Amino acid sequence: MPEFSVVVPAYRERENVPALLRALDRALSGLDWETIIVVDDALDGTEELVRAAAQQDRRVRCLHRIGRQGLASACIEGMLASSAPYLAVMDADLQHDETLLPKLLDAARSHGADIVVASRYMPGGSTGELASDRVWISRLASTLSRVLCQGLTDPMSGFFVVRRTFLERVVRRLYGRGFKILLDMIAAARGEVSLQELPYRMRSRERGESKLGARVVAEFFMLILYHVFGRMLPGRFFLFAAVGTTGIGVHLGVLWLMFAGSGNFLVSQAVATWAAMTSNFFLNNAVTYGDQRLSGRKIVRGLLSFYAACGIGALINLALADWLFINSLPYWIAGLTGALVAALWNFFTTASFTWGGSTAGKR
Ligand code: GDD
Ligand code: MN
C-alpha cells in the first residue's frame, strides 16, 4: 500500500488528464504515492483515458461511477477506496498547484495536523486569474462559512491533505453533497480537528469547463444549514421552504393582477393559489430536486400529486391555525404554526409521493 493517495474528482476532464498525470509524476518523485481518479460517466472518454494510463502505471487507479454525480461524493468515495494513511484531494483541471503536494504531506506528517489546507487567501497565496465575480462569491462564501469553522483563511478550498484516521472519525457525519467537502469534514468534526494552512497560487483553467452552477451554490447553503441545525431536518427542507417563500410572491402578484382586472376576489384568489402551487412545483423540480428531476410524462403525474399533497396541507394549515386561535393563542402564532406544520407536511409527503424516494436523495 502506498503512503499517499491523491484523490482527483474528474468530470469531463479528458483534455486535462494526461497533463495532470505527468505533473503528478514530476511533483511526487521520491514519494510512495498513488492517484485515484474518480470519473463520473459522461461518455466523453475520460474514463478510457484514465484506465489506459492505469494499465501502464500501477500508481494510477480509476474509480468509474455510473449514473452518479457530485464533487463531494466523488471525493468521499475516492478517499474510501484508498487505505493509505495520508490522502490528498485536488482538482483534475490543473488549477491546483501539484508542486505543493509534498509540502502539504510533510506538514501533515511532521506537525500532526488532521488536515493541511492549500489556501489562496493567506500571504503568499492568490486566486490567480479567477474571474472577479467568482472571487467575490468565493469571499462571501468564506465569510459565511466562518459560522462553521473559524480560523481558516480558505475554508472553500478544494485542495488539501487529510489524515485517514481523521476521515474515518467524521465520515458518517458528512453531508456529502455539493462542492464543499473540506468545509463538510471540518464542520462534521465539531471542533475536534487540528488544522494547518499553506499558501498557493491558483492557476486558471486552460481546458474544459467549470462545473460550478446554481445548484452547487444552493448545496453550499444546505451544507451550512445541515451542520448548523444538526440533522433535525434534511437540508433539502430549507430549499423547499425557500421555494415556498417565492410562492408567496407569485401568489400576491397574480392576485393583484387578477383582482385589478376582474374585481372578483374568490376567482382571483383561486387562480393565484393555483399559480403559486404550479410555480412551486417547477422550481422545486429544478432546484430542490435538481438531482432527481422529473421529466417527460412523469411531470404530469408529479404535478397532480403535488397539487393533492399541498391541497391537503392547506386544509391542515386552516384547521390547525383555527383551532389554536379559538384556544386563544395570538393570531400570528396560530397562523405561523399552521403554516409551518403545513410546510413540513408538504415537504415530507411530496418527497415521497411526488419525487418518490428518500429525502436524502441520490448523492
Ligand atoms: N467525479 C466528479 N463528479 N468530478 C466532478 C464533478 C462531479 O460531479 N463536478 C466537478 N468535478 C471535478 C472537476 O472535473 C474538477 O476536476 C473539480 O471537480 C473541480 O471542478 P470545477 O468545475 O473546475 O470547479 P471550480 O474550479 O469552479 O472550483 C474548484 O476550485 C475551488 C478552489 O479551490 C472546486 O474545487 C471548489 O470546491 C474550490 O473552492
Ligand atoms: Mn476548476
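Read-outs: derived from the displayed coordinates by stated rules, not from any lab. For clarity, every value in this text was computed on a predicted model and none was experimentally measured. Note that we place each Cβ from the backbone using ideal geometry, even for glycine, and neighbour counts take in every protein chain shown.
Calculated from the alpha-carbon coordinates, region 4-228 shows an Rg and a Dmax of 16.2, 46 Å respectively.
Close lysine pairs were tallied over the chain: pairs 8 or more places apart or on different chains with Cα atoms under 21 Å apart number 4. Between residue 333 and residue 3, what FRET efficiency comes out of the Förster formula 1/(1 + (r/R0)^6) with R0 = 45 Å and r the beta carbon distance, rounded to 0.05? For residue 3 and residue 333, the calculated efficiency is 0.15. Of 256, 274, 332, the residue with the greatest mean-square motion in the GNM of the chain, using alpha carbon springs below 10 Å, is 332.
Going 7 Å from the Cα of residue 43 along its beta-carbon direction, which residues of region 58-79 have the amide nitrogen within less than 17 Å of the resulting point? Once the point is set 7 Å along Cα→Cβ of residue 43, 65-69 turn out to lie under 17 Å by backbone N, inside region 58-79. Residues 149, 75 in ascending order of nearby Cβ atoms (within 10 Å, fewest first): 149, 75.
Taking the simple approach of a point 7 Å from Cα along Cα-to-Cβ for both residue 341 and residue 323, what is their distance in nm? Computed distance between label sites residue 341 and residue 323 equals 0.5 nm.
Both radii were evaluated on the Cα set of region 235-362; the Rg over Rh quotient, with Rh as the Kirkwood radius, amounts to 1.00. Among beta bridges identified by DSSP and lying wholly in region 4-228, the antiparallel ones come to about 25 percent.
Of all the options 107, 52, 72, the one that moves most in a Gaussian network model of the chain with Cα springs shorter than 10 angstrom is 52.
Enumerate the whole-percent occupancy of each 5 Å bin, from 0 to the last occupied one, for all C-alpha pair distances of region 11-111. Taking all Cα pairs of region 11-111, the binned fractions are 2, 12, 23, 26, 22, 9, 4, 1, 0 percent. Secondary-structure-derived ellipticity at 222 nm for the chain, considering helices only, amounts to -17000 deg cm²/dmol, per-run term -39500 (n - 2.57) for DSSP H runs with n ≥ 4.
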